[in-house]
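Participant: First, the structure itself, so that you have it in front of you.
The values are calculated or read from the model by the stated rules, or taken from the named source; none is laboratory data. Here the structure is a predicted model, which means the values were calculated and not measured. Every residue, glycine as well, gets a Cβ built from its backbone with ideal geometry; the counts of neighbours run over all protein chains shown. Quick note on the areas: whole protein, heavy atoms, side chains included, nothing else; ligands and nucleic acids left out. Shrake-Rupley method; radii C 1.70, N 1.55, O 1.52, S 1.80 Å.
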Amino acid sequence: MQSTFLLLSTLFLVPLALISGIVSSFNNLQTITGEIRYLVIVDGARSDNPLDMVSFQCVISLKIENNKVESISASNFIINNIPDSVSYRFQEFVKTVIIKWFNSFSLFDKVESNYKTYISVNGKIIEAYIVSGNNGVEYREANTGLYVGGDKELQISIETISPMHPKYRYNLSIISYLFSIKPEQIINSLAVIEPPTSIVRNTTIIIAATITVLAVRTLMKWKDYSIM
């Protein structure tokens, strides 16, 4: 049953951007076609019953064509807990969560902050500003303002089949971060932090040479130190 939910959810979310009217542009980058991928972790509980918890994570892929987000899909689900009130409509629940999450931020928003963090994308270290908002924290790449992660507090409603409780409201925490960009060349426009390899290499050489000299000197004076 769980695998059926995952398959239906993935197929159902592919045209999500077109259905919900979500279209964003890469205002600060050259015209590109590619894909960006976020890991999204969802945890929460029903507002009137904290024991009715929900917890899952998935990968959200945004397909981009000429700077426009053409579609959003969800895959690689890991489900820790789905309550009965949600499980029978899991695909609708996931769709509602992802739409709410995506609409809670702008894909690009050129801002600055006194606080910074660093995120690994495609094996590169990216510098990002930490920006506080009304419903959480956003991480914005320093050069372009690209949303590279965040922690959102959101509330959603899900319809039920019970006449006594036609809707349940869930309070959710959604943690997300960007981990993949294709094609690889896009990352050249971001604030990539290059480690000081020459300094590290030269320092390592000096330390190794010093240890070698001291070791040779100790061996040369071995007769002075040894007890006959």
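Participant: In what order, largest first, do Glu194, Glu65 sit by accessible area if the probe radius is 1.4 Å?
Facilitator: Final ranking, largest accessible area leading: Glu194, Glu65.
Participant: Starting from 0.36 nm per residue, how many nanometres of slack lie between Glu65 and Asn143 once their C-alpha separation is accounted for?
Facilitator: 25.9 nm
Participant: Quick one: how many Å² of Phe105 are accessible to a 1.4 Å probe, rounded to 10?
Facilitator: 20
Participant: Where does each of Lys95, Lys110 land when they are ordered by accessible area, with a 1.4 Å probe and the largest first?
Facilitator: Numbers: Lys95 40, Lys110 110 Å².
From most accessible down to least: Lys110, Lys95.
Participant: Okay, moving on. Can you sort Asp52, Asp43 by solvent-accessible area, 1.4 Å probe, largest first?
Facilitator: Asp43, Asp52
Participant: Would you mind getting me the FRET efficiency between Tyr88 and Ser180? Use the beta-carbon distance for r and R0 = 35 Å, nearest 0.05.
Facilitator: Efficiency for this residue pair is about 0.60.
Participant: Right, here's the next one. Please pull out the direction-averaged projected area of the range 69-135, using the convex hull of its alpha-carbon atoms, in nm² to one decimal place.
Facilitator: Working: hull surface 28.3 nm².
About 7.1 nm², averaged over all directions.
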